[in-house]
Amino acid sequence: MDPSLCLKCKGGRMLCGRSKCPIQSRIDSLKSIKQKISKTSIFGASPPAIFVGRWGYPDVRVGPMVPPIRGEKGREFDDPKNWFGREIGEIIDLRTELVRSNFNANVRSASHPDKFLDLTQELAMASNPVDTEVELFKPPRVKLTYDGILSPVGPTGNLKEAKLAENPKVDKSVDYLVSDYDARASEALKELYEGGVDVYQSSRLLSAGLLGDKRDRKLVPTRWSITAVDSQLGNNLLSRVKQRQQISGIQLFSGEYLGNHFEILMLPDAYSFELIEMWRPHSVWMGGDSTQIVSDHEDWRSRSRYSPLGGGYYATRLPVLEHLDEARRQASVLAIREISSDYWAPLGVWVVRETARNALSQEPETFETIEEALSTMASRLKVQRKRWYTKSTLLKRLREQLKLEQFLEEAK
């Protein structure tokens with residue numbers, strides 16, 4: 001973005017083309033923080049939430065996250081699956097009150113924690129908010145950090161003392177698998193998922209170093225654990241999906257939330273998955289007047305490399321595989337995510353996951369031909385069809401397949 005636009009606009013004229021000024025919104029949120037959090041002592045109900053940083057790895061910054069709110073209301077400060085439907089500003093306001101306390105830890109200390117890490121691990125296991133008291137060396141540093149994977153992170157401070165004011169409630173399945181020192185982390189994640197533990201708590205448990213063989217347990221930076229859980233759970237589902245019959249017809253799902261629009265096309269064919277992301281002008285991370293289009297795909301063979309699209313790829317793939325597994329079918333899937341200027345501040349990859357889940361929970365449109373489905377997709381997308389049509393590896397393969405079939409038919 002041209003910095004001179006900000007100087008001319010000063011948040012009042014929206015010269016950048018966004019629907020809301022991210023700079024002014026951050027200033028307003030920081031003012032709110034200063035009014036609410038100015039002491040070294042914070043007593044409130046952790047949602048529960050913890051944070052494991054990545055800088056300095058393997059020596060990282062770890063700690064519990066606590067808002068100055070007690071009781072069940074504390075849950076909403078870190079509850080992505082129930083944030084769906086809220087506005088960006090509402091979620092930012094919640095995160096600005098969630099104080100991140102820090103202490104130093106080596107990732108290998110997960111299996112022999114000191115008192116601070118032990119408390120952090122207790123919070124990671126909890127299924128309900130836990131009244132927690134933290135004492136910082138200084139009042140928390142007032143700042144607001146945005147990230148494409150993580151939810152916004154608010155005030156931070158170095159931990160001096162901490163204690164739980166009540167015993168955390170822990171699900172039996174969580175307690176059992178945390179105590180199982182022989183199960184591999186991948187096996188534990190599978191059992192947790194099948195036992196009804198959501199991806200958000202599973203990510204917390206993995207991050208806190210509470211899963212897997214005791215000798216191999218270690219802290220995992222929060223941003224890494226989020227994508228690792230999406231990827232591993234997706235792989236578990238894929239092993240079943242590939243054994244299913246193909247869907248019987250062409251299906252199209254559509255949905256939108258906070259400027260993230262999804263079109264998810266399913267075709268009756270062997271499993272494959274492709275994600276195309278289209279970042280329109282003035283959307284988050286985009287400062288110019290051009291649209292950036294990126295894509296990645298996989299076929300029925302297992303992936304051997306990390307997707308260059310990062311966490312958004314796995315956060316979209318997981319809901320697709322959840323849907324196919326529930327339907328007991330497989331399909332070739334093209335997912336298009338179009339991001340507009342309405343997405344003016346990044347809230348984390350949960351937005352991608354929950355928007356895709358919501359779209360796939362609706363009744364699909366069905367079509368007789370692929371062309372009809374593509375035309376319907378094009379009618380809802382703002383980016384010209386030619387740009388995403390030529391970008392798609394899946395659609396290119398279909399075109400080549402149709403040409404081959406036509407050639408064989410003519411050769412008879």
Collect residues whose amide H, placed 1.01 Å from N in the peptide plane, falls under 5 Å from the amide H of Ile276; neighbours closer than 5 in sequence don't count. Ala335, Ile336, Arg337
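Quick one: dipole size for the chain, taken about the Cα centre, charges +1 on Lys/Arg Cβ and -1 on Asp/Glu Cβ, in debye to the nearest 20.
Here the size comes out at about 1480 debye.
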When the accessible area of the chain is split by element with a 1.4 Å probe, what percent falls to carbon and sulfur? 48 percent
Among Tyr176, Pro129, Pro67, pick out the residue whose Cα is farthest towards the positive end of the charge dipole of the chain, where Lys and Arg carry +1 and Asp and Glu carry -1 on C-beta, about the Cα centre. Pro67
What residues qualify as long-range amide H neighbours of Asp171, i.e. H under 5 Å apart, gap of 5 or more or another chain, H built at 1.01 Å from N? Ser127
Give, in nm to one decimal, the length gained when the segment between Arg86 and Val294 is fully stretched (0.36 nm per residue of separation minus the Cα-Cα distance). 72.1 nm
What's the magnitude of the charge dipole for segment 303-402 around its Cα centre, counting Lys and Arg as +1 and Asp and Glu as -1 at the beta-carbon? Answer in Debye, nearest 20. 600 debye
What is the list of residues in segment 64-96 whose amide nitrogen lies under 14 Å from a point 7 angstrom out from the Cα of Leu164, following Cα to Cβ? 64-65
Taking amide H positions as placed 1.01 Å from N in the peptide plane, with prolines and chain starts having none, which residues 5 or more places from Thr156, or on another chain, fall under 5 Å of its amide H? Arg100, Arg141, Lys143
Accessible area per residue of the chain at 1.4 Å probe, in Å²? 47 Å²
Would you mind calculating the gained length between Glu72 and Glu363 on full extension (0.36 nm times residue separation, minus the Cα-Cα distance), in nm to one decimal? 101.4 nm
Whats the longest run of the chain with zero chymotrypsin sites (Phe, Trp or Tyr not before Pro) that are DSSP loop and have at most 14 other Cβ atoms within 10 Å? 307-412
Helix-derived [θ] at 222 nm for the chain: sum -39500 (n - 2.57) over DSSP H runs of at least 4, divide by residue count, nearest 500? -11500 deg cm²/dmol
Candidate values [x] 81, 61, 35; [y] 64, 57, 51; [z] 91, 50, 44, label of the one derived for Cα extents along the principal axes in Å: [x]
Of the residues Ser111, Ser340, Ser375, which exhibits the maximal mean-square fluctuation in a Gaussian network model of the chain defined by a 10 Å Cα contact cut-off? Ser375
Can you compute the FRET efficiency between Lys115 and Glu187 using 1/(1 + (r/R0)^6), with r the Cβ-Cβ distance and R0 = 35 Å? Round to the nearest 0.05. 0.70
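The values are calculated or read from the model by the stated rules, or taken from the named source; none is laboratory data. Keep in mind it's a predicted model, so treat the numbers as computed, not measured. Cβ atoms come from the backbone with ideal geometry, glycine included; neighbour counts cover every protein chain shown. SASA here: full protein model, heavy atoms, side chains in, ligands and nucleic acids out. Shrake-Rupley method; radii C 1.70, N 1.55, O 1.52, S 1.80 Å.
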